[in-house]
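The block underneath contains the structure these notes are about, expressed in structure tokens.
What follows draws every value from the coordinates through simple rules; no lab data is involved. Quantities reported herein were computed from a predicted structural model and do not represent experimental measurements. Every residue, glycine among them, receives a Cβ derived from its backbone with ideal geometry; neighbour counts consider all protein chains shown.
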Amino acid sequence: MNPTEMYELLRQLTTPVVAITSRRGDKRNGMIVDGAIRASIVPDIPRVAVFIHKFNFSHDLIFETGCFAVHILHRDQLDLVWKLGFVSGREKDKLADVPHRLGPFGCPLLSDCYAFFECRVINAMDTGSSTFFLGEAGEVGRGPGRELLTPAHLRDNVPAEWRAPYLKNLAAAQATARERSRDIRALVWRGLASPGR
Ligand SMILES: Cc1cc2nc3c(=O)[nH]c(=O)nc-3n(C[C@H](O)[C@H](O)[C@H](O)COP(=O)(O)O)c2cc1C
């Protein structure tokens, strides 16, 4: 991918809704997060950072494997938000009917997206309720999507029947996060001493 195109992709990470995938052995998983952070201005060192709450199954997979893939979603992917963002991978295989392939780092790469960054975790910070993962992208690519799914677009177009489960999940997540937010531990990411492992 050329530097200009890479930089444009990184710029898009300021607000969009993203799907984050991970894999540990035969467990493939995906979740929805409404934001990822461009963590590099250098096109040949593409870095992306995400906050993942510890109570999500995805957190365990990313923490244990040191890999995740961020997919910027497009506007026709509301059904994917429903599939990945409302139930945990502890309860079902959410990617069973979502077309994907495994990337070089072993993460599921979704065929349908705006763009994806498959990342290796190069540092991490504990926030108490979540972990902030700094990832360096290896495989980066474009999907067929052309219009970003922003949180504002999602809010304006969300089906009415999603509202109750969304608010219930949010309230439960906030309660758990509130309990754990103050308990911040020092974290030395294991990959720091040997990047490129
Ligand atoms: C629009 C939307 C935005 C979300 N944003 C976040 C977020 O920023 N952080 C987070 O930890 N979970 C977020 N979630 C919730 C997770 O996607 C959800 O808890 C998911 O079921 C976790 O799956 P897992 O347990 O398989 O990892 C969001 C869900 C939706 C629908």
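Just order 96-102, 128-134 by mean Cβ neighbour count inside 10 Å, highest at the front, would you? Present the calculation step by step, with values, prior to reporting the outcome.
Working: 96-102: 12.4, 128-134: 19.1.
Ranking the peptides 96-102, 128-134 by packing returns 128-134, 96-102.
For the chain, what does the helix formula give at 222 nm: sum of -39500 (n - 2.57) over DSSP H segments with n ≥ 4, over the residue count, nearest 500 deg cm²/dmol?
Working: 5 runs with 51 residues, N = 197.
Calculated at 222 nm, the ellipticity per residue is -7500 deg cm²/dmol.
Run the simple label-point estimate for Lys92 and Arg75 please: 7 Å along Cα→C-beta, distance reported in nm.
Rounded to a tenth, the inter-label distance reads 2.8 nm.
Bin width 5 Å, origin at 0, all Cα-Cα pairs of the range 1-146: what percent of pairs per bin?
Cα pair-distance distribution for the range 1-146, in percent: 2, 11, 22, 25, 22, 12, 5, 1, 0.
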